[in-house]
1. Gain in length, Leu504 to Ser467, computed as 0.36 nm per residue apart minus the alpha-carbon separation, to one decimal in nm?
2. Provide Lys260, Lys388, Lys379 ordered by accessible surface of protein heavy atoms (probe 1.4 Å), highest first.
3. Using r as the Cβ-Cβ distance of Ser47 and Arg183, and R0 as 41 Å, what FRET efficiency do you calculate, to the nearest 0.05?
4. Give me the percent of DSSP beta bridges within the range 276-420 that run antiparallel, rounded to the nearest 5.
5. Compute and list, largest first, the equivalent-ellipsoid semi-axes of the range 396-524 from the alpha carbon gyration tensor, each √(5λ) rounded to a whole angstrom.
6. Label-point separation (nm) for Glu456 and Ala264, each offset 7 Å from Cα along Cα-to-Cβ?
7. Rounded, prolate or oblate: pick one for the range 274-323, where a ≥ b ≥ c are the square roots of the eigenvalues of its C-alpha gyration tensor, a/c under 1.5 means rounded, and failing that, prolate if a/b is larger than b/c, else oblate.
8. Give me the compactness ratio for the range 445-493, meaning the Cα radius of gyration over 2.2 N^0.38 Å.
Amino acid sequence: MLTRVKTAVAGFMGGIMTGGSSGGAGNSSSDLPLKFPYMRPEFLGLSADEIECSADHIARPILILKETRRLPWATGYAEVINAGKSALNEDQACCEVVVARRRPMSYCPPSTPSKTPTAKRRNSLPNGEFYMSTFHLQESEGLVFHYWALFDGHAGSGAAVVASRLLQHHIACQLQAVIEILRNLHSPPPTMLGEEPDSSPYLQGNPPGPHRALTRAASLRGAAGAPSSPSSTPPPPRFYMEKKVQHESLVIGAIENAFKEMDAQLEREKQVYSISGGCTALTVVYLLGKLYVGNAGDSRAIIIRSNEIVSMSTEFTPESERQRLQFLGYMQPQLLGNEFTHLEFPRRVQRKEVGKRMLYRDFTMNGWAYKTVEDEDLKFPLIYGEGKKARVLATIGVTRGLGDHDLKVHDSNIYIKPFLSCIPEVRVYNLTQHEHGTDDVMVMGTDGLWDVLTNEEVTEAVSTFLSNCDPDDLHRYTMAAQDLVMRARGVLRDRGWRITNERLGSGDDISVFIIPLMYGNRQP
């Protein structure tokens, strides 16, 4: 087992190289067709030759938008390929304006909805004309939401390519069932669809109509149901508590279910299409004055407002989700294949230490304690390593994302997927509660950015760059994204890519959105 695990990470990295060279198609020997061909984000407008030229691991050119107003809200975008980790750029990005139409949930197609009327894309409307057209679309067709997303692929780019094309449509489908409820913000969501929110006579509070509590005068007159009434009609049941659900919770639930549907579609369609690997997913949905940030993986989003940082996501790694993973291993030990232990130790346990007392912790613990080492503790830990080197089952360094249904521990039949969750954490930012200036932005980036730059360094870089630009220049956000990617990539020196203070630059794929928030305050 030890020899097997020692080669697991190397084997996984080798799988990345192999998967990446297949054009997002998985194994080159696969006879299955591609779901979607490999490409760079559609909004970049690159030709096939330009895509090929961008895959230069030596020069690593930074790609930016060709047109200033190509994306809604004058959003800036920049990306760069890795330094040789994989043949292709395994990051993907999407930025669209989507219409969720009034349709029943059963209308949502199980496969590619790109050519159906379920969602209509508006990714090239001029900024000046967009606000009025959005208002009319909301009134006549359903709900319009803005959508930004970053996907970081591993073991191939196939899952990231598919998710970048389809996840927004799954979100639109999930929103269809609650369109009318979301449009009526003055009434709470009904517990049961088809019923008025306050139609139950037994809710705690002020029951409506004839069911409200009897007055003392009515009781004295012998009204039906009163204690002194000769009527045999039983009194109404006791009032019961009912949880209050906010409208934004329906949007959060729609995003969560959309991630689950996207993951299920990837698993289903791997039987008929060649879809390699898995991917993390970071999405932002703007709907009815609020930003909903959904994250499954180790990408990150922050808001920079008046030079202050508002964190909008959490990275999901073996260390941050240690207790969830250990609990799963404890409850379902068969998933560990008799090769791993769910317990964590400060280092590998050696056979000569059996019978001695050693520090450990399990899923119930944040701290550490001592236990007597047993033979069972000689198994390889479920979670091993620290920081970016931490791995689940000695294989993968992220614990949430899409895909990876076929991923196994190297040279074994132990599947990784049961330990990976496709459920995002969704955070909400109410744009209407703040007035945003031209330098107030949201920064979305894959881990290639955050591995080498802190939140503070990114904030300083973006704020300084924007403050030196003309506030009326809409191209400033693209240039700020380009500057940020350049800072994270660094400059090629004799000892590799270097950033400030001779620190190592990022050798990973890097993708960055910079979204100006002032446009959210201008929406009707």
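The values are calculated or read from the model by the stated rules, or taken from the named source; none is laboratory data. Here the structure is a predicted model, which means the values were calculated and not measured. Cβ: placed from backbone, ideal geometry, glycine included. Neighbour counts: every protein chain shown. In case anyone asks, the SASA skips ligands and DNA or RNA and just uses the protein heavy atoms, side chains included. Shrake-Rupley method; radii C 1.70, N 1.55, O 1.52, S 1.80 Å.
1. Result: 10.6 nm gained on full extension.
2. The most accessible residue leads, giving Lys388, Lys260, Lys379.
3. 0.45
4. 90
5. Computed over the range 396-524, the values are 33, 24, 10 Å.
6. 4.5
7. Judged from the Cα gyration tensor, the range 274-323 comes out oblate (a/c at least 1.5, b/c at or above a/b).
8. That ratio works out to 1.18.
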